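The values are calculated or read from the model by the stated rules, or taken from the named source; none is laboratory data. None of these values were measured; they are calculated from a predicted model. Don't worry about glycine lacking a Cβ; one is built from the backbone with ideal geometry, like all the others, and counts go over all protein chains shown. These area figures cover heavy atoms from the full protein model, side chains too; ligands, DNA and RNA do not enter into them. Shrake-Rupley method; radii C 1.70, N 1.55, O 1.52, S 1.80 Å.
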Amino acid sequence: MHGFLCKTYEREVDMNETSSVSKGCFVFKSASRKRKRQGVDGYMVDGSDDNGRDRFRICQDLRETVQKHTEVLQDQLNKKVLDDLVQFIKKHELCNSSDVRRQGAREIPTAALMLGVNVPDHTMTFRSLCNLLQESVTPFVVSLHAKGCATVKFLIQRVLEQLMGRGMALDEEQDDDTALHLNTQCSISDLCQWYNSVKKPDVKNNGLYWSLPIVVIFKDFEAFNLQALQDFILICSQYTQELPLIFIFGIATSPIAIQHRLPHSVSSLLCIEVFHSLSCTRHLACVFDKLILTSQFPFKLSSRVIQVLIGIFLYHDFSVQSFVKGLQLSILEHFNSQPLSVLCCKKQEALLRAKTLSQKNVERIRHLPSFMRYVETQEPQDQVLLLTSDEHVKEVCQKLLKNLHKYHKNYYPILQCLYSLTSLLPKCPMGKHIRELHVTCNEKNVWEMEEYHSAMQLLRILAKDELVAALRECAGILKSANTKKMQNVLKQVDEFVVRLEELENLPTEDVPGDDVACSGKDIQRRTDLHYLQKRTYCKRLLQSLMEKESRKTRKMSSFEILRNQVLQYIDELVREYLTPAELQPLSEVCYYSSSGVLRQRLNAAPRTSIQAALSHPFHYLQNEALKTSAGTVSSNAPDLCIIYKLHLECGRLINLYDWLEAFVTVSSAAEDKEADSEEYNKPENLKNACFIQAVSEMEFLGFVKSTKQKTDHVARLTWGGC
């Protein structure tokens, strides 16, 4: 019971107090049990384990790091569009001045912010937008949801609630009965009176009153009630001379949604400018590079887990926040299920923890599949020490952890270099997304794949300029790597670039053609477009065949020799550094690979959960009386569970009377309830009421429905249990 213990016990009391033996149920807090267990988001970390507290702390730090990096990254990615919105509002501050408003302009400046279909990510974007506007432009910012604005009255009320609340915050000495206004009147005229009352003279502008705009943000524009939105715009257009209003529409689909939802008579009152935010795919790519493809973040995901998260992103809601929540859930699952995850931290901390491993954790290390493979590759005397000496295991563990950190520092730069080369190739499977290339490298030896050989063959026909540009990009990637091996690779790449730039441009060799003199008719025929295209294709085909036949005998140019050397060096780097992560010893410490558990957590299956609860109520209620064997129905089960199990025995149509008789028989079973019990002697009307309520709940859950074929029957809608 979440840190509480419940005990039922008998206590014999003194005869002076009472002459009976009392039986009671008491609930008390267990201090010792609370000290042994710590929880996070519903997950319990066993404090009895020797490293439970450390795992809990590391898990919390990693989750906070993920959230912090995600928020910072989203602010950076949205900076351009948010700055453009701020400039748009500042530009219309002049248009909202008193002189311009007196000219009778009725158009309301409106920004159509295209955010995409990833609706869960919009919340953070609007939060950043509101904070930025309040800090740099105006304190009068209103953020509206369609859920609370079903009518124009509620919409205006939400605007007044947010604006007048901020007005009091700006001037606390001002004594106005704002609550009375909100409760009695909700009109734009009240908003005008309030706006005139909060105006303050600006000393810099000779005492003239400032005219800060009122920004109204419609977060989910497509979800707003059409009539309420149209009426609100029409009403606001009548007060453009008194109120400097600016609208921001948060649109998930396309700008055409404005034309579809607003008639011309309403949309003509808006001066609309469209702003586009960064696409969700590019946002995901940035998050993936920041949190996954980096050696700075110690927690790693296996290829199958990445495929699960990417699949949910692509086939559900395109939400980066959902991807991040999946990553955080993976961290929780990993630290909850893997006791050795205490070593999943930064290098120095992991080495210190490896020195002080307990005997239990040493035994766990010996049972890791990757460590067992490592032991099999050692000499016999080393194998004996690894299986018998705990101190030797600790020393080897420190060495393997160092190698694992070096592997990550060398893996990611080479992966990015390979992607920079393959991305130059048209329609190359390995050059579409770096995350797909990362998954491929983690699954198997990438150099053994047919796609890799095809990519290397295509790279052998790259032009010099393209190859030099790709190598310079690789050099920029390698400069950020701080390992000795990567610095040596950088020197070699720079040397290749210098040698390629020193090569002179080689003259192109023409394919031998037909030297026979041609008549005027032939010359005229050869100027025909169709003939020239056909002739050019034949020449290219002949050239490719001749090159293929003479490849062994033809002397290669200096550029071709150097290009082959570059690609051979790249192939050696791939074979050395892009080995699958699961082959690294102690990879289970920082790699989470339970894709099935993660898929079960993230892919909601309400029908399966409901069927499991109705079929096996014991697992949820933890009542021993509800334990039943397969194919039986307990009379102690809730009415809904009895009704559900009985309906599984019926066909497509269920007779309500037969169903009622079976329900009464089961719920009043003589073997489970005594004949003189209250439950057994329940009135017939009460039993009928329980049956009707249970059937209504079954219909609400979608298991049955009424049918016109037979009035005293219901139709069954689901087939197959959990």
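Looking across the range 325-347 at every residue that is over 15 Å from VAL589 (Cβ atoms) and of a type outside the set (A, V, I, L, M), the one that is least open to solvent (accessible area, probe 1.4 Å) is identified as GLY326. Is it the case that some residue within the range 482-491 is touching a Lys or Arg at 6+ places or on another chain (Cβ under 8 Å), at pLDDT 90 or above and under 24 Å from GLU436 (Cβ atoms)? Yes, the conditions are met somewhere in the range 482-491.
Every test in (1) under 20 Å from ARG563 (Cα atoms); (2) open to solvent by less than 30 Å² (accessible area, probe 1.4 Å); (3) not aromatic (Phe, Trp, Tyr) is passed by ARG460 save one, and that test is (2). Within the range 398-422, residues that are farther than 17 Å from ILE570 by Cα reach partners that are among the polar types (S, T, N, Q) and part of a helix (DSSP H, G or I) with beta carbons closer than 8 Å, at six or more positions or on different chains, in the pairs LEU404/SER587. If you go through the range 611-649 and keep only what is within 19 Å of TRP659 (Cβ to Cβ), hydrophobic (A, V, I, L, M, F, W, C) and in contact (Cβ under 8 Å) with a residue 60 or more places away in the chain, you end up with just LEU648. The set of residues from the range 623-669 being open to solvent by 60 Å² or more (accessible area, probe 1.4 Å) and acidic (Asp, Glu) comprises GLU624, GLU649, ASP658, GLU661.
For the range 112-145, filtering for residues that are surrounded by fewer than 22 Cβ atoms within 10 Å (Cβ to Cβ) and under 14 Å from LYS90 (Cα atoms) leaves 7.
The single condition among (1) more than 23 Å from ILE310 (Cβ to Cβ); (2) open to solvent by less than 20 Å² (accessible area, probe 1.4 Å); (3) without any contact (Cβ under 8 Å) to a residue 60 or more places away in the chain that MET430 does not meet is (1).
Of all residues in the range 467-481, those that are surrounded by fewer than 19 Cβ atoms within 10 Å (Cβ to Cβ) and at pLDDT 90 or above total 7.
Please enumerate the residues belonging to the range 366-384 that are touching a Leu at 6+ places or on another chain (Cβ under 9 Å) and either part of a loop (DSSP other than H, G, I, E, B) or of a type outside the set (Lys, Arg) (or both). Correct list: LEU368, SER370, PHE371, TYR374, VAL375, GLN378. Give the residue that is farthest from LEU77 (Cα to Cα), with candidates limited to residues of the range 249-280 that are in a strand (DSSP E or B) and more than 31 Å from the chain's Cα centre (by Cα). Top of the filtered list is LEU270. When the range 307-324 is filtered for residues that are in contact with a His (Cβ under 8 Å, 6 or more places away or on another chain) and either buried (at least 22 other Cβ atoms within 10 Å of the Cβ) or free of Cβ contacts under 8 Å to residues at least 12 places away in the same chain (or both), only VAL320 remains. Count of the range 609-619 residues, restricted to those that are surrounded by fewer than 13 Cβ atoms within 10 Å (Cβ to Cβ) and within 23 Å of VAL704 (Cβ to Cβ), is 1. For SER295, the stated conditions hold: it is of a type in the set (Gly, Ala, Ser), over 11 Å from the mean Cα position of the chain (by Cα) and open to solvent by 20 Å² or more (accessible area, probe 1.4 Å). Which of the residues belonging to the range 348-371 are in contact with a Lys or Arg (Cβ under 8 Å, 6 or more places away or on another chain) and surrounded by 13 or more Cβ atoms within 10 Å (Cβ to Cβ)? Those that are in contact with a Lys or Arg (Cβ under 8 Å, 6 or more places away or on another chain) and surrounded by 13 or more Cβ atoms within 10 Å (Cβ to Cβ): LEU351, ALA354, LEU357, VAL362. Looking across the range 226-275, the residues that are among the hydroxyl-bearing types (Ser, Thr, Tyr) and open to solvent by 10 Å² or more (accessible area, probe 1.4 Å) come down to TYR239, THR240, THR253, SER254, SER265, SER267, SER268.
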